[in-house]
Amino acid sequence: MLRYKARGIEVNRETVIDLFRAVRSHPGVRKVEVSRFALASVASAPEVIEEIFDILGANERNCGQNSRAS
């Protein structure tokens with residue numbers, strides 16, 4: 001997902017953040033889960049990961065937990 005509309009090897013921060021905001025705010029979406037990221041992309045753009053966590057409401061306590069939408 002971090003490679004979405006990437007410029008070469010550089011993460012396209014604005015486009016990736018816009019994608020997550022659009023999905024998260026779409027009517028009826030109650031939860032967004034990400035199954036995997038390329039480690040090289042994560043290492044090159046840790047600030048984007050922080051923003052994605054904020055958008056998704058993820059934190060150290062609930063990241064990676066199996067939860068059911070109520």
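No lab work stands behind these numbers, since they all come straight from the coordinates. All of these numbers come straight from a predicted model, not from anything done at the bench. No Cβ is skipped: glycine too gets one built from the backbone with ideal geometry, and neighbour counts run over all protein chains shown.
General observations
- When the helices (runs of 4 or more DSSP H) confined to the stretch 1-63 are screened for residues that are without any contact (Cβ under 8 Å) to a residue 60 or more places away in the chain, in contact with a Leu (Cβ under 8 Å, 6 or more places away or on another chain) and among the polar types (S, T, N, Q), those reaching at least 1 such residues are found at 39-44.
- Within the stretch 1-44, tally of residues that are surrounded by 10 or more Cβ atoms within 10 Å (Cβ to Cβ), closer than 18 Å to Ala58 by Cα, under 12 Å from the mean Cα position of the chain (by Cα) and not charged (D, E, K, R): 12
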